[in-house]
Structures are given as C-alpha cells and as structure tokens.
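K.L.:
One structure, pasted below without further comment.
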Amino acid sequence: MTDLLKKYLFEDRSVRIQAVRLHETWLQAQVNHQHPPAVTRLLGELVAASTLLAANIKFDGSLVLQIQGDGPLALLVVECRSDLSLRATVKVREGQSIPDNGTMQSLLNANGNGRFMVVLDPQRKVPGQQAYQGIVPLEGETVAEALGHYMKASEQLDTQLWLAADEQHAAGLLVQRLPDHGGTTQGDAAESWSRATHLAATLQPAELLATDTDTLIHRLYWEEPLMAFEPHAVRWFCPCTRERVSSMLRSLGQAEVESILAEQGRVEVSCDFCGKPYEFDKVDCAGLFAPNSPMPEQDPPT
C-alpha cells in the first residue's frame, strides 16, 4: 500500500490541515538499521515532520531537517525532496548507551549546546546561489515543540504539529493558520484557528499511530465542511550505488584503500542513510585503480 500525505482546507480558507501516516516508507528506512526505541521514536517524528513541511512549501529542491546534539546522539538528519521522496540518518556517539526512555533533550541537548537546523537546498542553483539555512537553539521537549520554536523564531505562519513514531509507523498532523485573502473576517478566522487547534490538541500519540488518515480527520473534524485535495505519495529514496561508493573509495586514494585491505582483508562500506552494505575484496580494489577505471564522481554519497 502506498503511503499518502493528505491535505485539507477549512471552508473559509483560513486554516490548512495536513496529515501523514507512513508505514512502508518508514519500514524501508529501518531495513538495515537496528535503532534503540528512543532513537526510532525521535527519527520517525523528524521523518513525519519533514514530509509535512516539504509538502507545505512551493520549492523545487530538498528540505533538510537536522538536529545537532551534544549528548549520546550527535546527529539526526532527514532530507525530503519536493516529490516527497526522503531519506534519513542518525549518528550515535561511540560508546554511548541509549536508554529506552531517553528524550530529545537528554539525548541531544545534555549540555545545552543542541541546535535545530532547517535547510532549503534548491535543485537547480544559479551561479553563486547558496542553500538557505536557519539555525535556532534546541528548545522544547519534543520534535514538534522544537519545530514550533523554529517556526516562531523565523516568523512563519502560525503552525502547530503533532508527531508520533514507533517501529511500524511514523505519523504527523499539521495545522496552519493562513493569511487573510479577503472574504473572511479577522474574528471568524481567529475562531476557525482556535477551533482547529483545540480539536487537534485532543489527539494522543497512540491514536495518531493506530488510525488511518481518513478516519482520523473525520474523527477530529466531523463537524467541519473540509475541502480535500489530491493526496501525494511518499516514498523512501536513497541514491547510493556500488558505482558511487567505488568513486568515493577512489577519492580516498590507492594507498589508503590498500592500507585498509592489509589490515582487514577487504573494504566494507555501509551507506549512512539506507545502511546498505558494500564489500570490496582485493580484486575489486585493484580494479578501482586500473588505468581505464572511471574518474571519481564530484559529489559521492556519505
């Protein structure tokens, strides 16, 4: 079954609602990884959030949500492209244990130096153009609260998110107040916003995870004549290939690769995002540096 993001609009066009419940996409993200429950929860919430936000902006490129931490977790990163294909990775500090009840603050902001970063990276940059990057301190107890602080600091539209994740699902609900386009009084728009957020606030994480989107939206907003839009498919995508990993090894240089071979008997590389393993034996490595081997790619994957 295809994972879908669904969009709705209040009849007075003053409030936008988006909801996503990922299953297949989220399972693919975890195929080659075995994260502790606390990491699964945090990364899944960030995955759901990236999907909701990427679908909410008119932008041809990638939205990257990154939490940089000073605790047991060093990094959480999710990249969601404008076609809602995404990939994600997490880095745990070596030797650090992750308690099942770990929170965003205890795992990523233990010493108060955590940062929340949002990057908008255009697909086709003009000469001299740089990706937009916004950074704020890591505030709040949850990913949803951290995003709320970022949105407030960057003077975005009033936006609230509800996020949840476990091993099977990553889900989220976004409620956003839209600018007045005429036809709706300020008082009516304020009332719609209050009603929309009040109803969403009754949502529990377990309900968000267990309930399909159509049922959830009907349960929350059955009294509202919502306008529904064409849903958007969400999928996992990682561009790593053996050829690209080969190019990365060539960029290390023959001496470095031969040193790894001498020590380990083979070279093993796993993609940081999908976790897919790649193995190169002595014959493979010799072929990397043969006279007719391809030149290294300019931008090999991590």
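The values are calculated or read from the model by the stated rules, or taken from the named source; none is laboratory data. Since the structure is predicted, the reported quantities are computational estimates derived from the model, not experimental observations. Here the Cβ is made from the backbone with ideal geometry for all residues, glycine too, and neighbour counts use every protein chain on show. Accessible surface areas use protein heavy atoms only, side chains included; no ligands, DNA or RNA. Shrake-Rupley method; radii C 1.70, N 1.55, O 1.52, S 1.80 Å.
K.L.:
Once you charge only the Cβ atoms, +1 for Lys and Arg and -1 for Asp and Glu, what is the size of the charge dipole of region 122-218 about its Cα centre, to the nearest 20 debye?
P.N.:
520
K.L.:
Please name which of Leu43, Phe59, Gln96 has its Cα lying farthest along the dipole of the chain towards the positive end, using unit charges on Cβ (Lys, Arg +1; Asp, Glu -1) and the Cα centre as origin.
P.N.:
Phe59
K.L.:
For the chain, with the dipole built from +1 on Lys and Arg beta-carbon atoms and -1 on Asp and Glu ones, taken about the Cα centre, which of Gly265, Trp193, Ala228 lies farthest toward the positive end?
P.N.:
Gly265
K.L.:
So for each of 101-113, 5-17 I average, over its residues, the number of other beta carbons within 10 Å; can you give me the resulting order with the highest mean first?
P.N.:
The most tightly packed comes first, giving 5-17, 101-113.
K.L.:
Kirkwood Rh over Cα pairs of region 82-178 into Stokes-Einstein at 20 °C, 1.002 mPa s: D in µm²/s? Spell out each step's value before the answer.
P.N.:
Numbers: Rh = 16.0 Å.
So the translational diffusion coefficient is about 134 µm²/s.
K.L.:
Along the charge dipole of the chain, which of Val77, Asn109, Ala165 sits closest to the positive end, that is, farthest toward it, with unit charges on the beta carbon of Lys, Arg, Asp and Glu (+1, +1, -1, -1)?
P.N.:
Positive-end residue among those listed: Val77.
K.L.:
Taking a 1.4 Å probe, which of Ile57, Ile217 shows the most accessible area, and what order do the others take after it?
P.N.:
Heavy-atom accessible area, descending, gives Ile57, Ile217.
K.L.:
Suppose each label sits 7 Å from its Cα in the direction of the beta carbon; what would the Arg93-Met227 distance come out to in nanometres?
P.N.:
5.0
K.L.:
May I pose another question? Quick one: if you take sqrt(5λ) for each eigenvalue of the C-alpha gyration tensor of the chain, what semi-axes come out, biggest first, whole angstrom?
P.N.:
Semi-axes, largest first: 40, 21, 18 Å.
K.L.:
Taking the Cα centre of each part, how many Å lie between region 207-239 and region 40-68?
P.N.:
Centre-to-centre distance over Cα atoms comes out at 17 Å.
K.L.:
In nm, what is the difference between 0.36 nm times the number of residues separating Arg266 and Asn113 and their Cα-Cα distance? If you can, show how the numbers build up before the last one.
P.N.:
Details: separation 153, 0.36 × 153 = 55.08 nm, distance 3.86 nm.
Between Arg266 and Asn113, full extension yields 51.2 nm more.
K.L.:
Mind checking which lysines have their Cα closer than 28 Å to the Cα of Lys91? Skip sequence neighbours fewer than 8 apart in that chain.
P.N.:
By straight Cα distance, Lys91 reaches Lys152, Lys276.
K.L.:
First select every other residue whose beta carbon is under 12 angstrom from the beta carbon of Arg242; then total the charges, Lys and Arg +1, Asp and Glu -1. Mind dumping the intermediate values first?
P.N.:
Working: positive: Arg244, Lys276; negative: Glu243, Glu279, Asp284.
That works out to -1.
K.L.:
Just add up the charged neighbours of Lys7: K/R +1, D/E -1, any other residue whose Cβ is under 10 Å from the Cβ of Lys7.
P.N.:
Numbers: positive: Lys6, Arg16; negative: Glu230.
Result for the local shell: +1.
K.L.:
Magnitude of the Cβ-charge dipole of the chain, K/R +1 and D/E -1, about the Cα centre, nearest 20 debye?
P.N.:
440
K.L.:
With all protein chains present and a 1.4 Å probe, how do Val47, Val31, Val269 order by accessible area, largest first?
P.N.:
Most to least solvent-accessible, the answer reads Val31, Val269, Val47.
K.L.:
Over the chain, with a Gaussian network built from C-alpha contacts below 10 Å, which listed residue (Pro179, Pro72, Pro137) shows the highest mean-square fluctuation?
P.N.:
Pro179
K.L.:
Here is a further query. What percentage of the solvent-accessible surface of region 149-224, computed with a 1.4 Å probe over protein heavy atoms, is contributed by carbon and sulfur atoms?
P.N.:
C and S fraction of accessible area: 48 percent.
K.L.:
From the gyration tensor of the Cα coordinates in region 102-145, what semi-axes in whole Å does the equivalent ellipsoid have, largest first, with each one equal to sqrt(5λ)?
P.N.:
The three semi-axes for region 102-145 are 30, 10, 7 Å.
K.L.:
Right, next: Give the average over all directions of the projected area of the C-alpha convex hull of region 202-272, one decimal, in nm².
P.N.:
Its average projected convex-hull area is 9.3 nm².
K.L.:
Run the lone-cysteine check on the chain: no other Cys C-beta under 4.7 Å from the residue's C-beta.
P.N.:
Isolated Cys, the chain: Cys80, Cys285.
K.L.:
For the chain, what is the accessible area per residue in Å² when the probe is 1.4 Å?
P.N.:
Using a 1.4 Å probe on heavy atoms only, each residue of the chain averages 52 Å².
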